[in-house]
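Note sheet for the following structure.
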Ligand code: UT7
């Protein structure tokens with residue numbers, strides 16, 4: 001039993017966003033270029049998905065290479081040269097074994113820090129951020145580097161018009177540090193979930209332990225993303241709208257309190273439908289899908305970095321971040337945008 005004179009224990013730390021970085025491979029593939037090899041049109045891609053160009057990694061660039069670049073920039077943005085842990089959100093690790101995060105940590109000079117991959121599809125970065133925040137709240141780490149990096153071009157069939165126009169490559173990263181609850185930049189409670197009933201709505205048949213007797217091994221199709229786009233589109237709108245409401249409520253906000261919605265860049269029509277469902281005007285919903293495409297787990301940190309750099313996220317704004325992806329998985333969280341955060345690209 002504590003004595004009546006005992007000092008109250010200090011409140012647990014909250015996780016605060018202190019750095020943002022991004023990196024895109026230099027090569028851009030325009031809709032016009034895609035039209036030279038696919039039965040599609042630049043107009044269809046622009047109006048049905050909202051994309052005009054995307055960045056595609058050259059064949060010698062893997063996810064770890066992009067993660068290192070984004071991680072370096074996020075640490076520079078935070079003004080730190082060390083972190084206590086690294087979480088890498090990706091669906092395109094360099095190899096099935098080992099995880100990619102230890103390679104990234106090693107190349108960043110983060111000698112021997114705990115580092116692990118987290119696979120939650122396009123929701124991966126919000127999931128990873130929430131896990132990192134929990135490490136900070138528990139006192140396990142004081143700073144965590146969270147990276148979302150994807151080489152989608154490695155798992156997209158270049159001849160498939162239903163997926164090739166959508167996805168792009170890139171990496172974004174954030175540094176979380178220990179702060180005080182209620183301070184600008186601290187992350188609110190996460191709202192998240194999953195529904196494995198739709199595991200086959202976006203999936204890559206080969207490369208894991210499940211074998212498919214119907215697929216000749218190594219015929220090519222098995223290593224690519226198969227997607228039932230229309231199912232994904234409807235579920236994405238439904239779940240991102242609901243999880244956004246849940247995260248706002250968990251933060252003690254109403255939906256009308258949201259100044260900016262940072263929503264996973266899956267399809268401009270999905271973002272518009274979520275904004276509409278929440279009653280948010282277009283100017284409250286920054287977007288970069290037109291020039292980067294859908295970069296899966298890299299999408300949210302890339303948009304955070306780009307929106308911060310171009311002045312669409314400013315100190316004091318109440319920001320809600322929401323994502324949805326393969327699994328299905330979905331997640332959302334909140335923060336009040338902090339002053340003095342300069343994203344590095
Ligand atoms: O990040 C999470 C993972 N992914 C997503 O969130 C993606 C979510 N889904 C989508 O963005 C959309 O469903 C797509 C962009 C994939 C497709 O748009 P849609 O409006 O749902 O089209 P649809 O699949 O219902 O297809 C409509 C038509 C079909 O032709 P028919 O059967 O009506 O004759 C497709 O064959 O559009 C055709 N189509 C295309 N036509 C020209 C599909 N892809 C293309 C294309 N160019 N690239």
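Throughout, read-outs are computed from the coordinates displayed, never taken from laboratory work. These figures come from a predicted structure and were not determined experimentally. Here Cβ is always computed from backbone atoms with ideal geometry, including for glycine, and neighbour counts include all displayed protein chains.
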If you line up the long axis of helix 299-309 against the longest principal axis of the chain, both from Cα atoms, how many degrees apart are they, to the nearest 10? 60
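What FRET efficiency, computed as 1/(1 + (r/R0)^6) with R0 = 30 Å and r the Cβ-Cβ distance, is obtained for residue 116 and residue 183, rounded to the nearest 0.05? Don't skip to the answer; put the middle values down first.
Working: r = 27 Å, r/R0 = 0.92.
Between residue 116 and residue 183 the formula returns 0.65.
Please state the relative contact order of the chain as a whole percent: Cα pairs under 8 Å, 6+ residues apart? Each step should come with its number before you reach the end.
Numbers: 863 pairs, mean separation 90.3, N = 345.
That works out to 26 percent.
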At 7 Å along Cα-to-Cβ for each site, give me the label-to-label distance between residue 137 and residue 276 in nm. 3.5
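Among 324, 116, which comes first, second and so on when ranked by fewest other beta-carbon atoms within 10 Å? The partial results should precede the final answer.
Details: 324 28, 116 15.
Fewest-to-most Cβ neighbours within 10 Å comes out as 116, 324.
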Virtual spin-label span in nm between residue 160 and residue 82, 7 Å along Cα→Cβ: 4.5
Can you show me the helix-derived [θ] at 222 nm for the chain, built from DSSP H runs with n ≥ 4 at -39,500 (n - 2.57) apiece and divided by the number of residues, rounded to the nearest 500. -8500 deg cm²/dmol
Counting only DSSP beta bridges fully inside the chain, the antiparallel percentage to nearest 5 is 70
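What percent do you get for the relative contact order of segment 191-336 when only Cα pairs under 8 Å and 6+ apart count?
Working: 225 pairs, mean separation 49.0, N = 146.
For segment 191-336, the relative contact order is 34 percent.
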Using a Förster distance of 51 angstrom, determine the FRET efficiency expected from the C-beta separation of residue 259 and residue 211, and round it to 0.05. 0.55
Scoring segment 90-164 by relative contact order with C-alpha pairs under 8 Å, at least six apart, yields a percentage of 31
Of all DSSP beta bridges in segment 14-179, antiparallel share, percent nearest 5: 70
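May I ask for the equivalent-ellipsoid semi-axes of the chain, computed as the square root of five times each C-alpha gyration tensor eigenvalue and listed largest first in whole Å?
Working: eigenvalues 210, 105, 74 Å².
They are 32, 23, 19 Å, listed largest first.
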Hits in segment 45-67: amide N under 18 Å from the 7 Å Cα→Cβ extension of residue 32, namely 45-47, 51-56
Of 247-253, 284-290, ordering from highest average Cβ density within 10 Å down gives 284-290, 247-253
Once both label points are put 7 Å beyond Cα along the C-beta direction, the residue 95-residue 231 separation in nm becomes 3.4
